[in-house]
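What follows is a short report on a single structure.
The values are calculated or read from the model by the stated rules, or taken from the named source; none is laboratory data. Not measured: the values here are computed from a predicted model. Note that each Cβ is placed from the backbone with ideal geometry, even for glycine, and that neighbours are counted across all protein chains shown. Please note that ligands, DNA and RNA were not included when accessible areas were found on the heavy atoms of the full protein model with its side chains. Shrake-Rupley method; radii C 1.70, N 1.55, O 1.52, S 1.80 Å.
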Amino acid sequence: MPKEQKRPGWDEYFIGIAKAVSTRATCLRRKYGAVITKDHIIVSTGYNGAPAGMKDCLDVGKCTRKELQIPHGERYELCHSVHAEANAIIRAAVHELDGSTIYVSGSDDCAKECLSEPCMMCKRIILNSRIARVVYSDGKGKFHVINPKSWLKKRV
């Protein structure tokens, strides 16, 4: 009798794809990937990196925020990268975003999985795009599933 194979659930499957997308990131400090799905179909992906036509941190060989020892989550205006969530949203059509799910996963400069909760700026972009679910890595091999409208109650 053949051994029974366990298939991953949709969230586990797509968070794995977000991890794979993060390997394209050009940030020296952290690498994030995002996948947007609707009805279990991928509609867009994105990773963090410099805007089109601009040299990224890999090309320049330095990270300004890292050099200045700026803590994670602070002083984003000094960063040259567009966040993975924003890049994925930019590449999707409005009708694809409405009611969709975004998956976010990231790793630090040691390739260790890190907490991938969207930053305040990305939370606002996600809310404005009408994405219905957010699934992000917890940094410990699991993930959180959030209704972005819950962020409104917290007054983000």
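Relative to the longest principal Cα axis of the chain, at what angle does helix 120-129 sit, 0 to 90 degrees, rounded to 10?
50 degrees
Could you compute the net charge surrounding ASP108? Neighbours are other residues with a C-beta less than 10 Å from the C-beta of ASP108; K and R count +1, D and E count -1.
+2
What area, in nm² and to one decimal, does the C-alpha convex hull of the chain cast on average over all directions?
Averaging across all directions leaves 11.0 nm² for the Cα convex hull.
Can you list the residues, at least 5 places off or on another chain, whose amide H is less than 5 Å from the amide H of ASP109, using H built in the peptide plane?
Correct list: empty.
ALA111 to ARG91: FRET efficiency via 1/(1 + (r/R0)^6), r the Cβ-Cβ distance, R0 41 Å, to the nearest 0.05?
The computed FRET efficiency comes out at 0.95.
So if we plug the beta-carbon distance of MET120 and THR23 into 1/(1 + (r/R0)^6) with R0 = 22 Å, what FRET efficiency do we get, rounded to 0.05?
0.30
In degrees between 0 and 90, to the nearest 10, how far off the longest principal axis of the chain does helix 10-22 point, with axes built from Cα atoms?
Here the helix axis deviates by roughly 30 degrees.
Just list whichever of LYS62/LYS142; LYS31/LYS55; LYS19/LYS123; LYS38/LYS142; LYS6/LYS123; LYS19/LYS66 have alpha carbons separated by over 24 Å in the model shown.
Result: LYS62/LYS142; LYS6/LYS123 exceed 24 Å.
So if R0 is 25 Å, what FRET efficiency would LYS149 and ARG7 give, r being the distance between their Cβ atoms, rounded to the nearest 0.05?
Efficiency computed from Cβ-Cβ geometry: 0.25.
Roughly how many Å² is the accessible area per residue of the chain, as a whole number, for a 1.4 Å probe?
Heavy-atom accessible area per residue stands at 62 Å².
What does the net charge come to around ILE70 if you take all other residues with beta carbon closer than 13 Å to its beta carbon, with K and R at +1 and D and E at -1?
So the surrounding residues net to +2.
Which of the peptides 75-86, 59-70 is most tightly packed, and how do the rest follow, going by the mean number of other Cβ atoms within 10 Å of each residue?
75-86, 59-70
Fully extended, how many nm does the chain gain between ASP138 and LEU78 (0.36 nm per residue separation, minus their Cα-Cα distance)?
Result: 19.0 nm gained on full extension.
Just the number, please: carbon plus sulfur as a percent of the accessible area of the range 36-87, 1.4 Å probe, no ligands or DNA/RNA counted.
On the range 36-87, the fraction of accessible area on carbon and sulfur atoms equals 52 percent.
Distance between Cα centroids, the range 125-146 to the range 8-35: provide it in whole Å.
When both Cα centres are located, 12 Å separates them.
Stretch LEU58-ILE42 to full length: gain in nm at 0.36 nm per residue minus the Cα-Cα span?
3.0 nm is the gain from fully extending LEU58 to ILE42.
Dipole magnitude of the chain about its Cα centre, charges +1 at Lys/Arg Cβ and -1 at Asp/Glu Cβ only, in debye to the nearest 20?
It works out to roughly 300 debye.
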